Structure formats: structure tokens, C-alpha cells
1. Here is a check on your reading of the model: is Asp141 farther than 30 Å from Asp21 by Cα, among the acidic types (Asp, Glu) and out of contact with any strand residue (DSSP E or B) (no Cβ under 7 Å at 6 or more places or on another chain)?
2. Mind checking whether some residue in region 95-113 is touching a residue at least 12 places away in the same chain (Cβ under 8 Å), aliphatic (A, V, I, L, M) and within 28 Å of Thr284 (Cα to Cα)?
3. May I ask you to verify whether Pro314 is part of a loop (DSSP other than H, G, I, E, B) and of a type outside the set (S, T, N, Q)?
4. Do you know which of the residues in region 58-69 that are open to solvent by 60 Å² or more (accessible area, probe 1.4 Å) and over 24 Å from the mean Cα position of the chain (by Cα) is farthest from Ala273 (Cα to Cα)?
5. Cβ contacts < 9 Å: first residue farther than 12 Å from Ala301 by Cβ and touching a residue at least 60 places away in the same chain (Cβ under 8 Å), restricted to region 376-401; second residue aromatic (Phe, Trp, Tyr) and open to solvent by less than 30 Å² (accessible area, probe 1.4 Å), any location; separation 6+ or different chain. Result?
6. Among what's in region 270-281 and is of a type in the set (Ser, Thr, Tyr) and touching a residue at least 24 places away in the same chain (Cβ under 8 Å), pick the residue that is least open to solvent (accessible area, probe 1.4 Å).
7. Give region 162-197 a look and list any residue that's without any contact (Cβ under 8 Å) to a residue 40 or more places away in the chain and touching a helix residue (DSSP H, G or I) at 6+ places or on another chain (Cβ under 6 Å), or say none.
8. Could you list all residues from region 296-313 that are touching a Pro at 6+ places or on another chain (Cβ under 7 Å) and open to solvent by 60 Å² or more (accessible area, probe 1.4 Å)?
Amino acid sequence: MPLLNKVRTAVSGGPGGDTADLSLSRLRSALTLFFALDGFLFAGWVVRIPAVKQQTGASAGDLGLALLGVSAGAVITMTLTGRLCRRYGSHAVTVVTAVLLSFSVALPALTRSPLALGLVLLLFGAAYGGINVAMNSAAVDLVAALRRPVMPAFHAAFSLGGMLGAGLGGLLAGSLSPAVHLAGLTAVGLALTAVAGPVLLRHPAPVPPEALPASSGTPSRTGGSRRTVLVFGVIALCTAYGEGALADWGALHLAQDLHAHPGVAAAGYSVFALTMTAGRLSGTALLERLGQTRTLVFGGATAACGMLLGALAPSVWATLLGFAITGLGLANIFPVAVARAGAVAGPGGVATASTLGYGGMLLGPPSIGFLADWFSLPVALTTVAVLAAGAAAMGYGARNAGAGPES
């Protein structure tokens, strides 16, 4: 219990506060590194998908089925990781899944058939889903101990890691084989885990004073918590739906409907990703100024307006502006939703919200495709605006659920 005492004195400003502050600062740095590593490894694999497809001789349909392995592995593991975090601690599970993710990212380049690719992607997806739940659970505990809404900063690190992984992968794609490139990612992942892992393993998850048994009047994590967690999970789903839709359909909308130059069309998602990263980097200051509920509501409303512009504007530059506004609006909704679910129900809440959110990312692209066939792609993309507005409404409706000092 020494860490708990340190956290208590640090929060109250008593003796030992400097030691606790240093401990929490180290935990924050280590967790930030894991978030960045997660995005870096995943993006590094994504940019080599075309080369692995050619290597395995997979058709488009075969590749689609193989890629379902990532989704299946992630969803299955996410539902189990909350229990593992409660039993072994989120810090230990984060380190173990980081090692598994680092090793598994090299496996796709060693396969020679679509079936083998699907099987190794099942393992890769399991590690990816596990680390996402574990590190978000650890982040929820740390946010509570710090008494600052820093969750968006962790997700900004994920976004920055993804941008670095994609950029570096694009540069190396012409000179390195997939096997060498992905093996290099394994080495980087293991090295960074060796640096940040011991920090997490040396320190148990911090517990703020109000969560200690001695405190009275602490809200129970039972009762109506399941319904509340589902609400925040659906909010996360609405956000991830938009991210998945823009990733897969944004460039096609610019090229097909607005006849944009291929280079400009390719920049569509980049603009969205850049503004989302910028929004997350400024998310802590935004949450401190507005609180969680207003951040959810304003973010959802902003994203809805931005996506209506992006989907229906008659010009390329207006559409790019719409994508940029959408990225700013959606930036902090997912981090806040996961944090609120974790505050209500601990690692299990994080697991549920993360699973639903990931489901939204999977649901978005095919839903847009079906709707585009029935109506048109611009009309289909307006569903992103509808769900963003829905997230804003649900965020306002759940304003008193799992509320903390920053709500």
C-alpha cells in the first residue's frame, strides 16, 4: 500500500508529494510510449498489406477474409482482457500484450497462403485488441490519480505513432522486403517495451483517495453501471464509425464524385488524421476548460456539421475543409467515452466501450458501401454526421453518469 499513501499525500499536498508526483510522471511517460508504439506497429503493418497480398497470391476476396482475422482476434480478446486486468493488473497485461504484438507483427510477412495469413492475423488482432483494453484501463486509473483529464494526450500519442509508422513504412517500402521491414518493427517494439515495461511492472496502478476503502459515499460500480457503460460504448462506436468510413471512402468520394487529382484525393484522410491528432493534443486543455459533457456535445455537433460539409459540398476544397472540421470534432469523443466507461466500471467498462468502438470502425466501411450502392456515396457519408449528432445527444443525456470533477 505504500503507493496508495503516496498518492493520497500527493493529492492533498502533504509530505511525500514530490515522490508520488515523480512516480505518476514516470507512469504517464511509459503509458504514452505504449500508446505510440501501438499506433506505430499497426500502421507499419497496414502499409505493407499490398506487398503481403502479392506474396501470398491472395485475391481481393481472399485478402478481405484474411483481414477479418485481425477484427475477430481483436474483438474476442477485448471481451476477455477486462477480466485479465482485474486479475493480474492492467500494467502487467499491457506489457505482455505489447510483447505479443511486437512478435506477431512480423508473422504476416512469413506466410505464403491466404489461409496462413488469416491465422497469423488472428494472433496479431488478439494482441492488438488486448493491448488497447489494457493500456486504456491503465490510463483511466492514472487519469483519476492525476486529477487531470489527460486521456486525449494518450490517444494523440497513438495517432502520432500511427502517422510515424505509416510515413516510415512508405519510405521503406521501396527498399526493404516486407519480412525485413516487419522484423525491424518487432525489434523496435521489443526495445521500447524493454524501456517502458519495467516502469509499469514496478508500480501498481495508482488509486485516488476517493477509491480507497476508507472513503465513504463513493459511487458503486454496480447497479446501473452496465447500462451506463453501454451508452458510452455506443458513443465510442459512433466516433469510430466515422473514422473507419473516412479512412476507406474519403479519398474515393474526392476522386469519384468531385474528380479531384489523385494526389489531392489521397490527402483527404491525411487532413482528417492531422486535425484529429491536433484536437487530441489540445484535448486536455479543452476538457479542463469545458468539462467532459460539453466536450462530447460540442465535439459531436462540430463533427456533424463538418461531415455534412464534407459529404455534400460541391467543391474539393470545401470538402477537405469539412474533413478537417470532422477530425477536430471527433478527436476527443472516443477518449472521453472510454475514460467515462472506465470510471463507471473499471477494466470491464473499458473493455466494453473499446469493443463497441472497434465494432464501429468495422461497421463503418461496409455500411457506407451498401448505402452508396442504394443511394449515392455523398448520401451514404452523411450517416457519419447523423451518428456524430447522436453521440452528442447521448453524451448530454449521460451527463450525470460516472461524473467526475471534470464533468
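1. Taking the combined requirement at face value, the residue does not satisfy it.
2. Yes, that holds for at least one residue.
3. It is true that Pro314 is part of a loop (DSSP other than H, G, I, E, B) and of a type outside the set (S, T, N, Q).
4. Out of the qualifying residues, it is Asp62.
5. Thr383/Tyr241; Val384/Tyr241; Leu387/Tyr241; Met394/Phe232; Ala398/Phe232; Ala401/Phe232
6. Within region 270-281, the match that is least open to solvent (accessible area, probe 1.4 Å) is Thr277.
7. Selection gives Leu172 alone.
8. Leu312
The values are calculated or read from the model by the stated rules, or taken from the named source; none is laboratory data. Everything numeric in this text was worked out from a predicted model, so none of it was measured. Cβ sites come from the backbone with ideal geometry, for glycine too, and all protein chains shown count toward neighbours. With ligands, DNA and RNA removed, areas are computed over all heavy atoms of the protein, side chains included. Shrake-Rupley method; radii C 1.70, N 1.55, O 1.52, S 1.80 Å.
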